[in-house]
Amino acid sequence: MKIALVGYGKMGHMIEALAKKRGNTIVATIDSYAQDATVKTADPVQIAEAVKQSGAEGVIEFTHPDAVLGNIQSLLPLGKPLVVGTTGWNAHIDKVADWAKQNNCSLFYAANYSIGVNLFYRIIEEASKLISDYDEYDTAVWEAHHAQKVDSPSGTALEIARRIMATNFKKTKIVTDAFHAKPLPNELHVSSTRLGSVPGTHTVYFDSNADTITLTHTARSREGFALGAVRAMEWLFEGIEKGSLSKGQLYTMSDLLQ
Ligand SMILES: NC(=O)c1ccc[n+]([C@@H]2O[C@H](COP(=O)([O-])OP(=O)(O)OC[C@H]3O[C@@H](n4cnc5c(N)ncnc54)[C@H](O)[C@@H]3O)[C@@H](O)[C@H]2O)c1
């Protein structure tokens with residue numbers, strides 16, 4: 001399919017490479033700053049116009065939290081399936097779902113496009129459900145990332161924690177700070193390490209007096225995110241073409257991985 005990229009930074013470049021490898025064509029690369037972009041603008045109206053001119057059949061957006069809502073608002077009226085990877089706008093998700101409905105245009109959003117991480121979420125849910133029947137097991141989450149990361153804990157660690165709490169009702173509170181007293185049984189500790197260049201690592205511990213079960217996901221590169229975004233684009237486009245997916249809907253990874 002023909003894809004326009006809005007945002008041609010680290011993710012945009014990797015998405016271009018993987019999309020081409022899978023037989024797609026990149027018809028426009030639009031960025032406010034990147035020297036090698038085919039169109040240089042940060043104006044959402046001009047971005048939409050450039051997408052229209054390119055003949056793209058779908059759009060992938062990986063820019064900046066400050067730009068994403070304006071871009072979505074400007075791109076939806078084009079009616080082209082839109083995959084958004086930019087994070088940091090979760091508070092506006094209901095409003096954006098309404099925009100998609102009003103414009104009869106479908107949108108896909110995931111805070112984490114890695115297929116492996118999304119499968120890991122499901123593995124954790126199953127494990128947590130099983131283990132929650134056994135009072136002797138306690139649970140904790142630990143994550144490590146490279147020292148360039150500015151936030152902690154990672155959004156992925158918090159999502160893992162939410163899924164643990166949804167499947168183990170004994171855990172009702174996430175604690176991300178250090179403890180200065182014994183943890184209470186309902187507290188789920190989510191701890192973080194920032195170190196050198198380590199790749200994103202997420203571990204869940206289920207611990208009893210007798211043993212520990214550890215489940216770990218380790219990312220090797222950004223490739224997993226980029227591949228997931230391209231697959232989401234292809235899935236959304238084909239689903240709408242074939243009529244198995246609806247126009248005007250907001251989809252996410254749990255829909256794709258059914
Ligand atoms: N959902 C996921 O799985 C996932 C994975 C990785 C990154 N991300 C998110 O994707 C976003 C981009 O990540 P990145 O690593 O490519 O960042 P990056 O800084 O390398 O690239 C962002 C690009 O967007 C451009 N840009 C910024 N504002 C713009 C605007 N108004 N109009 C057009 N272009 C604009 C910048 O010039 C830059 O080239 C971030 O929000 C990041 O958190 C999401």
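The values are calculated or read from the model by the stated rules, or taken from the named source; none is laboratory data. Fair warning: this is a prediction, and the values are worked out from it, not measured in the lab. We place every Cβ from the backbone using ideal geometry, glycine too, and count neighbours over all the protein chains shown.
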If Gln73 passes every condition in (1) at pLDDT 95 or above; (2) within 16 Å of the ligand (Cβ to nearest atom); (3) within 19 Å of Gly155 (Cβ to Cβ) but one, which one does it miss?
-> (3)
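Residues are listed down the side, and each one gets a yes or a no for (1) away from the ligand (no atom under 15 Å from the Cβ); (2) in a helix (DSSP H, G or I); (3) closer than 30 Å to Ser32 by Cα; (4) out of contact with any strand residue (DSSP E or B) (no Cβ under 7 Å at 6 or more places or on another chain):
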residue: Ala97; (1), (2), (3), (4): yes, yes, yes, no
residue: Lys101; (1), (2), (3), (4): yes, yes, yes, yes
residue: Lys129; (1), (2), (3), (4): yes, yes, no, yes
residue: Ala144; (1), (2), (3), (4): yes, no, no, no
residue: Ala147; (1), (2), (3), (4): yes, no, yes, no
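One line per residue, one yes/no per condition, for (1) within 16 Å of the ligand (Cβ to nearest atom); (2) farther than 28 Å from Val198 by Cα; (3) without any contact (Cβ under 8 Å) to a residue 40 or more places away in the chain; (4) not in a helix (DSSP H, G or I):
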position: Thr214; (1), (2), (3), (4): no, no, yes, yes
position: Arg220; (1), (2), (3), (4): yes, no, yes, yes
position: Ile240; (1), (2), (3), (4): no, yes, no, no
position: Ser244; (1), (2), (3), (4): no, yes, yes, yes
Asp135 being over 20 Å from the mean Cα position of the chain (by Cα) and assigned to a loop (DSSP other than H, G, I, E, B) | yes
Which of the residues that make up the stretch 132-168 are among the β-branched types (Val, Ile, Thr), surrounded by fewer than 20 Cβ atoms within 10 Å (Cβ to Cβ) and modelled with pLDDT of 95 or more?
-> Thr167
Among the residues of the stretch 55-74, count how many are touching a strand residue (DSSP E or B) at 6+ places or on another chain (Cβ under 9 Å) and free of Cβ contacts under 8 Å to residues at least 12 places away in the same chain.
-> 0
Can you confirm whether the stretch 114-128 contains a residue that is in contact with an Asp or Glu (Cβ under 7 Å, 6 or more places away or on another chain) and surrounded by 19 or more Cβ atoms within 10 Å (Cβ to Cβ)?
-> yes
Scanning the stretch 162-181 residue by residue, the ones that are outside any loop (DSSP other than H, G, I, E, B) and out of contact with any Pro (no Cβ under 8 Å at 6 or more places or on another chain) total 8
Quick one: in the stretch 26-68, of everything that is within 23 Å of the chain's Cα centre (by Cα) and among the polar types (S, T, N, Q), which residue is surrounded by the fewest Cβ atoms within 10 Å (Cβ to Cβ)?
-> Ser32
Test each condition in (1) buried (at least 18 other Cβ atoms within 10 Å of the Cβ); (2) farther than 21 Å from Lys95 by Cβ for Ser74 and report the one that comes out false.
-> (2)
Are any of the residues in the stretch 196-204 at pLDDT below 95 and more than 17 Å from the chain's Cα centre (by Cα)?
-> yes
When restricted to Lys95, Lys40, the only residue farther than 20 Å from Glu223 by Cα and in contact with an Asp or Glu (Cβ under 8 Å, 6 or more places away or on another chain) is Lys40
So which residues in the stretch 1-44 are part of a loop (DSSP other than H, G, I, E, B), near the ligand (Cβ under 6 Å from one of its atoms) and closer than 20 Å to Pro81 by Cα?
-> Gly7, Tyr8
Which condition does Ala111 not pass, out of (1) in a helix (DSSP H, G or I); (2) free of Cβ contacts under 8 Å to residues at least 60 places away in the same chain, if it passes all the others?
-> (1)
